[in-house]
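Derivation of every value follows stated rules applied to the coordinates shown; laboratory data play no part. Just so you know, these numbers come straight off a predicted model, no measurement behind them. Please note: Cβ atoms are built from the backbone with ideal geometry, for glycine as well, and neighbour counts cover all protein chains shown.
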Amino acid sequence: MSIKRRILGAVASAAGVAVAGTAVEVARRRRVIARRGAGDGTHFGSLRSRPTTVVADDGVPLHVEVDECEDSPLTVVFVHGYALTLDCWHFQRAGYRGLVRTVFYDQRSHGRSGRSSKSHATIDQLGHDLRQVLDHVVPDGPVVLVGHSMGGMSIIALAEQAPEVFGDRIVGVGLISTTAGGLDPHRALIPLMPSGLGGTMGLRTVATLARGHWAVDGVRRLTRPFATVVTDQFAFGDDVPSSYVDFVDDMLAKTPFEVIAEFFPSLGALDKFHTLSALGRVPVSVVCGTADKLTSIGHSRKLQARIPGARLLECEGAGHMVILERHEQVNAELDQLLAAAGERVDER
């Protein structure tokens, strides 16, 4: 049974189509409803599958995990953001297990992947890494790419490097809390830094601190209670369970400041709005919280305006970690994306 059929209930609901007319449609809708709340009863960071290693073109080993699904015609590849790990997709991973084949990986220098050289700590290199993951883990069949924050930038970098795969191998794209340029990366440092070393810091200050990164990491550990409060303020829009805050704060705290500093210049230099036309060849869903303090809603509105036919979901009051804070809304929008991508596949 195709993924389009599995999530047809969600599509019909969004379109205002009654789904109660037949027993088949009711059964399909019940499967979607039953998936709601998936992940709520599972400890953060506990969702695992047998890992595999993909070696990037410069030799950096990338930690990859695949949740297989025998009858899935699509593979969905999830690409995480700055200073996070593949675990950040907790609710999406829980929600799609058994429904579609999914791939998760830690970006270079993050999580369980190997450390990059400073010269390759760039958004462009992340685009090349994504291509390597696709070639080794999804060599055949249609793919939907979903990226959050820096993960979305990685997808846009791939669109610049290999526009021909969009509409061919890649049949859908989800861009969540991200941008193609115009980012002020100093705002992203606030929840990653010790007290007093946030918003006004320039590139020169970051580079100076990076030379003493061990000391900075020590200060970050000593000021962890403060950092947790700042994470709550800057990663989320509404009040969320403390477990959400602790989960994100733990990922941030485990990312060495040296890594944060190495990627920092590439975030500020990003300017790839000219590449977005390639994404117009496939269904695209853009998602962002209206209270996102890091990649503000204006970035997502600009993406949607520049990508022909793109959908935009604005999650009222949600912050940068909308994939946790509004996971049911995000997953529902991804349902729409997968249905549209599935239709493209069926038309071939």
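Below are the figures for this structure:
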item	result
P(r) tail fraction, region 229-348 - alpha-carbon pairs more than 18 Å apart, %	62 percent
Fully extended contour minus Cα-Cα distance, from V229 to D135, at 0.36 nm per residue	29.8 nm
Extended-chain gain in nm, criterion 0.36 nm per residue less alpha-carbon gap, D239 and D40	70.0 nm
Around V286: net Lys/Arg minus Asp/Glu count, Cβ-Cβ under 13 Å	+1
Stokes-Einstein D for region 39-130, Kirkwood Rh over Cα pairs, 4 °C, 1.567 mPa s (µm²/s)	94 µm²/s
GluC sites (Glu not before Pro) restricted to DSSP loop in region 305-342 with at most 13 other C-beta within 10 Å	E316
Separation of the D57 and T290 label points, Cα + 7 Å toward Cβ, nm	4.2 nm
